Amino acid sequence: MRSTTTVTPAPPEPSAALPAASPARHEATDVRCACGPTRRQLLRGTGAAAGALAGAGVVAACSGQTPSPQEAAESVSAAEPGTVVVALADVPVGGAVAAKVGGQDVLVTQPTEGEVHAFSAICTHEGCAVTPGDGELLCPCHQSRYALTDAAVLGGPAPEPLPSIEVEVSGDDVVVA
Ligand code: FES
């Protein structure tokens, strides 16, 4: 006599049903932060949670990858005077261009011909990379906007201007002053 057996698939283990740990998400949008919790999220968390993350090296790892806007600006400003940031011809009049100095992202602006400024490109809101916009600087994460002349906040949630970096025109280039 043949017996029949019905095989019912086992339900997934609870841990398998949970999504894998994912990087932190900014709250206002679905933007993922590349280095885990933001500083703001850590500050909002409990002391124990922040302590656990710090103990695991998370805070140190992130601060190494994503300096604060001020730290980034200070790092660039500490570069050898005369260090070329970008060719002046590459900076649009009435606009800006992104550049790197010593591994740090900077924005060089030229509001009027021959008037140049440079700023850290790290948004003062939650640290996203600010980009050249249309006659302004724009953070794509939550739409903070900054002025070309002094990086003053024109709109959005950014709490303060982008830190400035002293630069000057030398010959055909914009250099660290
Ligand atoms: Fe939120 Fe820039 S990170 S506006």
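Taken together, the values in this text are just the output of simple stated rules run on the coordinates, not laboratory data. Only a predicted model underlies this, so the values are computations on that prediction, with no experimental measurement involved. Reconstructed Cβ throughout: ideal geometry from the backbone, glycine too, with neighbour counts over all protein chains shown.
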Item to complete: Classify region 72-173 as rounded, prolate or oblate, taking a ≥ b ≥ c as the square roots of the eigenvalues of its Cα gyration tensor: rounded when a/c is under 1.5, otherwise prolate if a/b is larger than b/c and oblate if not.
Response: oblate
Practice prompt. For region 91-157, state which GluC sites (Glu not before Pro) are in a DSSP loop and have at most 15 other beta carbons lying within 10 Å of their beta carbon.
Written response: 113, 115
